[in-house]
Structures are given as C-alpha cells and as structure tokens.
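Enquirer: A single structure is presented below for examination.
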Amino acid sequence: MSFVSFFTDFSFQQFFSAFLVLFAVIDSVGAIPVILNTKKKGRIVDPKRGAIFCLIMLLSFFFVGDAFLSLFHLDISSFAVAGSLVIFFIGMEMILDVEIFKQGAPTASKDATFIPIAFPLLTGAGVLTTLLSIRSQFNDINILIAIFANVVLIYFILKLVERIEQVLGKGVIYMMQKFFGVILLAISIKLFVTNVAILADSVGK
C-alpha cells in the first residue's frame, strides 16, 4: 500500500467507530474514580508521561501485532473472535459492577503514572486485544487516528481529573460507564458473528 493510498482510505465513519470502540474499552472516563483515589493516596500521576506511555503501548502493539500473530500461526479473524469474547466480558464488568479481570499487585513506587494507571488501567490486555481485533473491521489509517485522538483525551482526563469529577458528578460518570458497557457488548457480538462467518467461509474453501 502506497503512502497516498494509505491516506485515501480515511473514512470519518470508520474513524469515529474505531474511536468509540477504543474509548469504551480504555474507559478513561470510568477510570476517573481510580485515578482520583490513587492521587489521594499521595502517589504521582503525570498527565504527559501517562499519555506518552499509553501511546507507545498502543502503537507498538498495533505495528507488531501481525508479527505476534504470525509467531503463533494465527490470522486476524481468529484473534478477532477471541478478542470479541474479551470485549464481551469487559462490557459485562462495566454493566454489572463486577471484577472479572483481576488487577496485578500494586507497585511500591510513589510514581503511579505507568503502573497501575497507564498499564493495566488504561491500556491493559483487553485494550490491546481489542486493538488487534478491530483491524479486521477498519482500515489502518482510521484506527491510527482513533488511537491518537484517544491518547489526547487520556492526557486531558489525567490533567483535569479533579475538575471533571466536580463538573460531571459521580452519578453522570457512573451512567456513562453503563452506557459504554452496552456499546461494548453490541460491538463484541458484531465482531464475533462477522469473524466466525469469515472463518467458516475460509474453512469451506
């Protein structure tokens, strides 16, 4: 694919869909209570470094994801089916207020920017799995722009987290968490059905 054709593949609809998928899975708004609690414990959360950490992780997994799949002799549709199940359970967590994916042990460092904020809170395994899964649905340019847009949003949320809580209130943030949980469930079902059909068609051939 040439440099020009790469950008001609841009679609606002695909970009917006990819942005919403990543926004829902990253759940930067839903992470506000955790970020606030972390800062109240006296731990450091640097907005600029946090955003950079998230960007590096997302781009790294985006570009080496295919190599990762090739290492295990997998294709994107197979990974998307597995990813759809992860997305489904993330959505269930958000809707039912249950903890399905256990967080790792907290670090003893005072700096919480990378662990646990950037990873695994904002860019955990579920987010990275989703990133590979949606590559079967959208063109690369639309996903890359959606990544940058989400990282910008992460930066402003980390920077203005206390003010956001004051403006929106805990009730609104909680409602947004439920809303995006439903979106994730719908997305996971679409990913599952679409890619199972692709796999079934390839097996049939």
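The values are calculated or read from the model by the stated rules, or taken from the named source; none is laboratory data. As the structure is a prediction and not an experimental result, all values here were calculated from the model. We place every Cβ from the backbone using ideal geometry, glycine too, and count neighbours over all the protein chains shown.
Enquirer: Only one of 178, 170 is among the basic types (Lys, Arg) and closer than 26 Å to residue 85 by Cβ; which?
Expert: 178
Enquirer: Let me ask you something else. Restricting attention to region 150-174, which residues are surrounded by fewer than 16 Cβ atoms within 10 Å (Cβ to Cβ) and within 14 Å of the chain's Cα centre (by Cα)?
Expert: 152
Enquirer: Could you pull out the residue among 87, 35 that is among the aliphatic types (A, V, I, L, M), assigned to a helix (DSSP H, G or I), at negative phi and over 12 Å from the mean Cα position of the chain (by Cα)?
Expert: Exactly one residue qualifies, and that residue is 35.
Enquirer: Right, here's the next one. Give me the pairs, please: first residue somewhere in region 63-76 and closer than 19 Å to residue 202 by Cα, second residue anywhere and among the hydrophobic types (A, V, I, L, M, F, W, C), beta-carbon distance under 6 Å, and either six or more positions apart or on two chains.
Expert: 69/79
Enquirer: From the list 63, 19, 7, 3, which residue is at pLDDT 85 or above, farther than 20 Å from residue 115 by Cα, surrounded by fewer than 19 Cβ atoms within 10 Å (Cβ to Cβ) and among the aromatic types (Phe, Trp, Tyr)?
Expert: The match here is 63.
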